[in-house]
């Protein structure tokens, strides 16, 4: 078998003939020619036989390595004039638009970044991390399902930090599919508004009848008395939205999906209780520090994790400290018993009626405790009481969202070298979204 024919079968590049193979000291160079005669615009489906001109140089793409050698694919391409995008180089069937890597290599890199850390990927494929960020952006944009926002009934909205200095990604999770279906840079109402705007893009107004009298439209004023807010077609199907107790997401949800039930995740309620307990502990610790006995403050500082951990997860040494705290009593132990009481409400499989009674009793106990952090906590829970009970009644909470967030936090640690939220978000889609990644040898 001739070398050209062998490499044609070996590379399995779509739509090309191998015209020559050269073996350099550090790489293998394969020169190819496109089989098709028509020129195709890489940005759209437009094709033509008219050749504007031919490139004076070869275009180069990096392909999967051949053993220890880099493998480069080279071709002399033609230029066409697209009525939409103007004059530019024709597209090739084996690489994505604007890329200098073949689709097979980009698919391999994309799969690796969801499984390995950045150092391993860069060393294995011999590509710098910034280039890998651009690769996963291209692959994610191509493979992301454009219909992923169809059929959303129960969703969760939450933010996750992807970089220092309060850089956040807002993620929307479909509870039924257990996947991240949408994301954007930022947090709060503005980010949620972007989701609803993409969920139901605004439609252009129909042309006005020339014979109809003009209508006075005043910006910012409801021009139709009693008019209900317009709800998009897909937003109208959303039955429940789980979120934390922040005001931003709830404000946007009430505006764009007023019919949907807002479910406050019990996970965040317990987290607030834990913070209140830690605030009481720190206050007592500061009191001990102001005394002459410095060792007492030092010994009590070690009790932090005993108070914050679940009792069933304590070590023998921590269990002994736990018993000492119980025998000592005081405000810290009172705060601990309140925390455990609330945690047991949501950890047990109780009916919503029982949870309602126990939650009201907790609000009363926390209010009467005279512990300032727990008094504020009781006010917060009372304010969001209906949303908390709705989450228990419907079984919709952010537990799956938080599980995905933990996975997102793990993979975004690999994205510390990324300087754009788009690359980090593309990595989230690839690892947790509705995208099925396949390696080159798995593709038919």
(message) Condition check: farther than 25 Å from residue 140 by Cβ, surrounded by 15 or more Cβ atoms within 10 Å (Cβ to Cβ), at pLDDT 90 or above and in contact with a helix residue (DSSP H, G or I) (Cβ under 7 Å, 6 or more places away or on another chain). Does residue 18 satisfy that?
(response) yes
(message) Every residue in segment 90-131 that is outside any helix (DSSP H, G or I), in contact with a helix residue (DSSP H, G or I) (Cβ under 6 Å, 6 or more places away or on another chain) and under 18 Å from residue 411 (Cβ atoms), please.
(response) 114
(message) Going residue by residue through segment 420-428, is there one that turns out to be more than 28 Å from residue 259 (Cβ to Cβ), part of a helix (DSSP H, G or I), modelled with pLDDT of 85 or more and in contact with a strand residue (DSSP E or B) (Cβ under 7 Å, 6 or more places away or on another chain)?
(response) yes
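Considering only residues that are in a strand (DSSP E or B) and under 17 Å from residue 95 (Cβ atoms), which ones fall in segment 62-79?
First, the residues of segment 62-79 that are in a strand (DSSP E or B): 62-66, 69-75, 78-79.
Scanning segment 62-79 gives 62, 63, 64, 65, 70, 71, 72, 73, 74, 75, 78, 79.
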(message) I'd like to verify a number: residues in segment 161-188 that are more than 21 Å from residue 199 (Cα to Cα) and surrounded by 22 or more Cβ atoms within 10 Å (Cβ to Cβ), how many?
(response) 1
(message) Give me the residue from segment 295-331 that is under 16 Å from residue 275 (Cα atoms) and assigned to a helix (DSSP H, G or I) and, out of that set, modelled with the highest pLDDT.
(response) 331
(request) Mind telling me which of the residues 144, 152 ends up being under 21 Å from residue 407 (Cβ atoms), touching a strand residue (DSSP E or B) at 6+ places or on another chain (Cβ under 9 Å) and not assigned by TED's automatic domain parsing to the domain that holds residue 64? (result) 152
(request) Filter segment 44-61 for residues that are exposed (fewer than 14 other Cβ atoms within 10 Å of the Cβ) and not in a strand (DSSP E or B) and give the result. (result) 44, 45, 49, 50, 51, 55, 56, 57, 58
(message) Please go through segment 251-268 and give me each residue that is modelled with pLDDT under 90 and either crowded, with 19+ Cβ neighbours inside 10 Å or over 18 Å from residue 403 (Cα atoms) (or both), ordered by number.
(response) 264, 265, 266, 268
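Only residues that are within 23 Å of residue 369 (Cβ to Cβ) and not in a helix (DSSP H, G or I): list them for segment 379-397, please.
Step one: list which residues in segment 379-397 are within 23 Å of residue 369 (Cβ to Cβ), which gives 379-385, 388-389.
Within segment 379-397, just 384 meets the criteria.
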(message) Filter segment 39-58 down to the residues that are closer than 27 Å to residue 10 by Cα and in contact (Cβ under 8 Å) with a residue 40 or more places away in the chain and list them by number.
(response) 39, 40, 42
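The values are calculated or read from the model by the stated rules, or taken from the named source; none is laboratory data. Model, not experiment: these values are computed from the prediction. Cβ: placed from backbone, ideal geometry, glycine included. Neighbour counts: every protein chain shown.
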